[in-house]
Amino acid sequence: MSDNGHAPLIRRGSLLYRLFHLQLIDHQPEEKDIEWWARCRLEHICVTPYLAYDILRTSIAALVFSTFMSLTFVDLFVLSGIVIGVCQMVIDRRCKTQVHPHSDTLTLVRRVVVLRTILWGTFAAIALSHAPIEYLPALLPTAIMVMWIESVALIAVPRVAVLNAAINGSTIAIAVVPIGDAVAVGGTAVALGSFLALHWLVFHLNYMFATRRLRTRKLTEANETIQLLLNQYDQDGSDWLFECTEDGHIMRPSRRFCDAAGRSAERLEGMQLLDLFYDSPERAELRHMGGQDESFQRVVVPLRIRGEQRWWSISARKVTSNDDETRRYWRGFVADVTTTREAEARIKYMAHYDVLTDLPNRALFNTTIKRAFDRLGSDGMVAILAIDLDHFKAINDTFGHTGGDVVLKEAARRIEKCVPPGAMVARFGGDEFAVLIEHPLCRERVIEVAHRIVDAMDSPIEIEGQKASVGASVGIAFGPDDGCTSDEAIYAADLALYDAKTRGRKTASIFNLRMHEEVQERRQLELELRDALVNGELELHYQPLVATQTMQTVGYEALLRWNHPTRGPVSPDQFIPIAEETGQIVQIGEWVLREALAEAARWPDHLTVSVNLSPVQTMDKELYGTIVHALAASAVPAHRLELEITETVLMRECDETIALLHKIRALGVRVALDDFGTGYSSLNYLRAFPFDKIKIDRCFVGDMAEREDSDTIVKAVIALATRLNMSTTAEGIENAEQMELLRATECSQMQGYLFSRAVPAAQLVHRVPARKVAAPSVERLGSRSPKSQPGREKEINRRTG
C-alpha cells in the first residue's frame, strides 16, 4: 500500500482499475480530531458482536471439520478460536471502559482482525484441501459468505477489510484449484470475483461512512460555533436578532431583545413590532418598509424605554420557513444607536452653538445674518451689536478659568434678558458677544437695548464669594446703511465697539464713517511708527520728582515723545497703544531704558531716573538681560534706576511676573507701583511683592481740596505705604493748595505741573553736556518678532506732562 493516502491493490491504468476504480482513500482528519476519528471507527466496529460471532463460527466449523479432519486439527482450530475470543474480550472491555486512547485500541483491533483473518484463512485452506468432493458445494459458499460478512463489517478499517478479502479469497483459490473439477474451478472464480467486488464495495462503503461522519462533525462544529456567536452576540452585543411574522408580530424574542425593550418575553411574544415605537416620521417609514417584500437596512426609529429616549436601527429581510415553503416571515437584527445618534447630535450642536453658554456661535450667527440680509427689502433694516466684556483678562487672571467661565455664563444670561424677543444672541469666542435684531422698530430702540446691556453688565458678578466688576462695551451698526453685506455690517459694528473702548469702556457707540477713517489713520500711524525710532523721531522728556519736605529735586521721570516730521508732536495716547498692540513697544522700551540711563549718567549721583515698563515688555524674556546691559553700558548704579509698573502687569502671568520683578529688584533696581488704586486687588499685590514705592494717581490727588473722600484715600494710602516701609509719590500736583495738603502728610515725593512740565534733556538744570545713545539698527529691530497684547487697559502708563 502506498503512503500518499491511496491504497491501490491493482496496477493503476489496468482494465480492472479503470473498470472498478479500485482505489481506497484515507481520510486524514486534523490533529485535534484524531482521537475522535478513532472513536468513530471503533464505535462502528464494535456494533458487530464479534465475540458471539467468533464463538458461533468456531463451533460450527469445528463440528464440520471433525467429520473429515483429525482430532488434533480440530483441537488446534478450537484453540485458535479461544485465543481470538480472549483478544476480542479484551477489545470489548477497552471499548467500554475507554481508559486507553482510542487510537491505541484501534491499533489493537487491527492486529486482532489480521490475526483472526490469517488463522481462519489457514485452517479454512487446509480443511478445504482435505474435504471430500461432496462437501465442496456446501463449504465453498460458506467460506465466501464469511469473507463477505467480515469484509463488510470492517469498512471502518478499509485496508484491513481488503486484506481480509484478499487472504480469504486467495486461500480458497489455493485450496480448491488443485482439485480441478468444475466445482473447484467455479468456486475459485467466484472467490476472485468476490474479492474484486469486495474491494469496490469496501471503497464506496468506507467513503460514505467517512464522509458522513466527517461532514457531520464539521457541520456540528459549525453549528456550535454559530450558536455560540449568536448567543454572545445576542447577550453581550449592542445588536440583537429578531423574528416577526409577515404581518409584523414578534416571534421568539431573545433575552437581549427583552432587556433592550424593557419587557418580558411573554409581553413581547405576538406583539406588533410597530407598537414599540411612538408616532414619528421614522415609524411611518418602518411601516412602509414592512409592507414591502424587499429587504431594508438601517431604518432608524425613536422609542421610549422606561421614560428614556432611545434610537433603534432596524434591518430585516423576508425568509421562507423550513417547515412550510408557503409561509414567510421577517428576520433581521436591531442595533441600539442611541449613543451614536446623541454623539452626532452633539457634534452638530457644537458646530453651531457655544458649549459653555449654549448660545449660537460665530458660524451660526454668520449664517443667520447672511439670510437676514438676503431677506431685506427696500425699506428693511437689521441691527448688529458687537459686545466685548471690559477687563475680562484681569478677571481670568485673578480668578482663573473657572471664574472666567462664571462671568461668561452670567454675561450671556444678562444679555439675553436685555434683547427683544426674536433677537439672536451669540458668543463669538473669548469675551466677545454679538446680537442680531431683525426689523427693529427704530434705531432708538436698538440704542436702548445697547444701553440696557451696558447697565446690566455694570452690576458686579459674584465669583467664589467675591464681587467682581466687569462691565461691557457695545458697538452698534445698522444694515444696509452701514454695510450692504453681512460682513460689512459686522465690520462696522466692530469699529463702533473699538470706538467705545477707546472712549473709556462701559459705553455704547454707534458706527459712523469717521470710525473707518480713524482706523485707516491708525494703520498709517502704525506704519510710520516703525520708522520713527530709526529716523530719530523719538525723544525723551523728563519731569522732576520733588522731595515733599525739602522741596529739592530728587530725580526725574522719563516720558516718551514723538516728533513727527509732518504731523508734528504725536500724543502718547495715540502711538503707545499702537506700539503695545504691534509689539514695537519692546524695541522702543529698550531704547528708552538705554537713553534714560545714559542721560542719568550726566546727573549728580543723588538723582534717580524713573522709567515706565509696559505690560508687553514684562512678557519679553530678554527684559532682564536688557536691564543688565543698559546699566552696564551707562555705569549708572542700579539703585538710581526706578522701574514703574501698573497692576495690569501683575495680572498677567502673576507668578512669573513676580519672579521676574524679584530678579530685577535683586540687582538693586527700585520697583514702583504706578496708578495705585485705579485697578483690581491692589492690596493683594502689595502683599505679593515688596514694592519700593507707591505712586498715587492724579485722580485722587487733584480732588483732595474739593472732596473729603479723595483726601481720606490719599492719606490712607500714604499711611499704608509708611507702615509697609514704602515711599510714596503723589502725581498731578497743579497748585500750591494741593502741595501744602501733601506736605502736611508723610508723602515722600511730589510730581506735577506746579514744579515743571516734562522738558527735553537739554533743558535740565542738572545736566552736563554728553553724548546721545544711538538708536538700534534696522537689522536689530527686525530681529524681534512683534508681540500683540489684547485687552490693553485704557491707561497707557506714560506721562504726558
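The values are calculated or read from the model by the stated rules, or taken from the named source; none is laboratory data. Model, not experiment: these values are computed from the prediction. Virtual Cβ from ideal backbone geometry, glycine too; neighbours counted across all protein chains shown.
Conditions (1) in the same structural domain as A363 (by TED's automatic domain parsing); (2) modelled with pLDDT under 90; (3) under 21 Å from E246 (Cα atoms); (4) in a strand (DSSP E or B), marked per residue:
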| position | (1), (2), (3), (4) |
| --- | --- |
| R256 | no, yes, no, no |
| D275 | no, yes, yes, no |
| R287 | no, yes, yes, no |
| V300 | no, no, yes, yes |
| K318 | no, yes, yes, yes |
| T326 | no, yes, yes, no |
| W330 | no, yes, yes, yes |
| V334 | no, yes, yes, yes |
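Quick check on this structure: which one of D397, D405 is touching a Cys at 6+ places or on another chain (Cβ under 8 Å) and either under 27 Å from T648 (Cβ atoms) or of a type outside the set (A, V, I, L, M) (or both)?
D397
Out of all the residues in segment 122-129, is one or more over 60 Å from the mean Cα position of the chain (by Cα), of a type outside the set (A, V, I, L, M), modelled with pLDDT of 80 or more and in a helix (DSSP H, G or I)?
So far as segment 122-129 goes, yes, one or more of its residues are over 60 Å from the mean Cα position of the chain (by Cα), of a type outside the set (A, V, I, L, M), modelled with pLDDT of 80 or more and in a helix (DSSP H, G or I).
List the residue pairs whose Cβ atoms are under 6 Å apart, where the first residue sits in segment 752-772 and is over 17 Å from E731 (Cα atoms) and assigned by TED's automatic domain parsing to the domain that holds A558, the second is polar (S, T, N, Q) and at pLDDT below 90, and the two are 6 or more positions apart or on different chains.
none
If the requirement is being of a type in the set (A, V, I, L, M) and touching a Gly at 6+ places or on another chain (Cβ under 7 Å), which of these qualifies: I395, I437? Quick ask: steps written out before the conclusion?
Working: I437 fails: touching a Gly at 6+ places or on another chain (Cβ under 7 Å).
Of the residues listed, the single one that is of a type in the set (A, V, I, L, M) and touching a Gly at 6+ places or on another chain (Cβ under 7 Å) is I395.
Within segment 538-575, which residues are aliphatic (A, V, I, L, M) and touching a residue at least 12 places away in the same chain (Cβ under 8 Å)?
Our first condition is that a residue be aliphatic (A, V, I, L, M); within segment 538-575, this holds for 538, 540, 545-547, 551, 554, 558-560, 570.
If the condition is that a residue be aliphatic (A, V, I, L, M) and touching a residue at least 12 places away in the same chain (Cβ under 8 Å), then L538, L540, L545, V546, A547, V554, A558, L559, L560, V570 are the ones that fit.
Going through segment 630-655 one residue at a time, which ones are free of Cβ contacts under 8 Å to residues at least 12 places away in the same chain and either closer than 19 Å to R594 by Cβ or in contact with a Pro (Cβ under 7 Å, 6 or more places away or on another chain) (or both)?
Matches in segment 630-655: A632 only.
Is it true that L538 is at pLDDT 90 or above, among the hydrophobic types (A, V, I, L, M, F, W, C) and either over 26 Å from R375 (Cβ atoms) or surrounded by fewer than 17 Cβ atoms within 10 Å (Cβ to Cβ) (or both)? Talk me through it step by step, then tell me what you get.
Working: at pLDDT 90 or above: yes; among the hydrophobic types (A, V, I, L, M, F, W, C): yes; either over 26 Å from R375 (Cβ atoms) or surrounded by fewer than 17 Cβ atoms within 10 Å (Cβ to Cβ) (or both): yes.
Judged against the criteria, L538 is a match.
Which one of S80, S59 is assigned to a helix (DSSP H, G or I) and surrounded by 14 or more Cβ atoms within 10 Å (Cβ to Cβ)?
Details: S59 fails: surrounded by 14 or more Cβ atoms within 10 Å (Cβ to Cβ).
Exactly one residue qualifies, and that residue is S80.
Take the conditions exposed (fewer than 15 other Cβ atoms within 10 Å of the Cβ), modelled with pLDDT under 65 and either closer than 30 Å to E599 by Cβ or within 57 Å of the chain's Cα centre (by Cα) (or both) and apply them to R799. Does it pass?
No, not satisfied.
For a quick check of your reading of the model, give me the residue pairs whose first member lies in segment 423-434 and is free of Cβ contacts under 8 Å to residues at least 40 places away in the same chain and buried (at least 23 other Cβ atoms within 10 Å of the Cβ), whose second is in a loop (DSSP other than H, G, I, E, B) and of a type in the set (V, I, T), with beta-carbon atoms closer than 6 Å and at least 6 apart or on different chains.
Pairs found: none.
What do you reckon, is D405 under 21 Å from E647 (Cβ atoms) and within 34 Å of the chain's Cα centre (by Cα)? So that I can check it myself, show each step before the final result.
On the way: under 21 Å from E647 (Cβ atoms): no; within 34 Å of the chain's Cα centre (by Cα): yes.
Considered against the rule, which asks whether it is under 21 Å from E647 (Cβ atoms) and within 34 Å of the chain's Cα centre (by Cα), D405 comes out as no.
Please go through (1) under 36 Å from the mean Cα position of the chain (by Cα); (2) buried (at least 16 other Cβ atoms within 10 Å of the Cβ) for I476 and return the number of the only condition it doesn't satisfy.
(1)
Do any residues in segment 325-346 that are without any contact (Cβ under 8 Å) to a residue 40 or more places away in the chain have Cβ atoms under 6 Å from those of residues that are assigned to a strand (DSSP E or B) and among the small types (G, A, S), where the two are at least six apart or on different chains, and which pairs are they?
V337/S313
Restricting attention to segment 396-415, and to residues there that are of a type in the set (D, E) and within 14 Å of T357 (Cα to Cα), which single residue is surrounded by the most Cβ atoms within 10 Å (Cβ to Cβ)?
It comes out as E410.
Any idea which of E779, E737 is of a type in the set (D, E) and modelled with pLDDT of 90 or more?
On inspection, the qualifying residue turns out to be E737.
Kindly indicate whether D405 is touching a residue at least 12 places away in the same chain (Cβ under 8 Å), part of a strand (DSSP E or B) and assigned by TED's automatic domain parsing to the domain that holds G483. Can you show your working first?
Values: touching a residue at least 12 places away in the same chain (Cβ under 8 Å): yes; part of a strand (DSSP E or B): no; assigned by TED's automatic domain parsing to the domain that holds G483: yes.
No, not satisfied.
Are any residues in segment 84-117 buried (at least 18 other Cβ atoms within 10 Å of the Cβ), under 20 Å from I167 (Cβ atoms) and either in contact with a strand residue (DSSP E or B) (Cβ under 6 Å, 6 or more places away or on another chain) or basic (K, R) (or both), and if so, which ones?
Once the filter is applied, which keeps residues that are buried (at least 18 other Cβ atoms within 10 Å of the Cβ), under 20 Å from I167 (Cβ atoms) and either in contact with a strand residue (DSSP E or B) (Cβ under 6 Å, 6 or more places away or on another chain) or basic (K, R) (or both), segment 84-117 yields only R116.
Of (1) at negative phi; (2) modelled with pLDDT under 90; (3) not basic (K, R), T548 satisfies all except one. Which?
(2)
Among the residues of segment 350-391, write down those that are touching an Asp or Glu at 6+ places or on another chain (Cβ under 6 Å) and among the charged types (D, E, K, R).
D388 - this is the single residue of segment 350-391 that is touching an Asp or Glu at 6+ places or on another chain (Cβ under 6 Å) and among the charged types (D, E, K, R).
What number of residues within segment 502-537 satisfy the criterion of being farther than 30 Å from V449 by Cβ, in contact with a strand residue (DSSP E or B) (Cβ under 6 Å, 6 or more places away or on another chain) and touching a residue at least 60 places away in the same chain (Cβ under 8 Å)?
Number of matching residues: 0.
Quick check: is even one residue across segment 625-647 at pLDDT 90 or above, of a type in the set (D, E), closer than 30 Å to N735 by Cα and assigned to a helix (DSSP H, G or I)?
No - not one qualifying residue is present in segment 625-647.
Within segment 698-711, track down each residue that is under 59 Å from the mean Cα position of the chain (by Cα) and either polar (S, T, N, Q) or closer than 16 Å to G732 by Cα (or both).
Across segment 698-711, the qualifying residues are R698, C699, F700, V701, S710.
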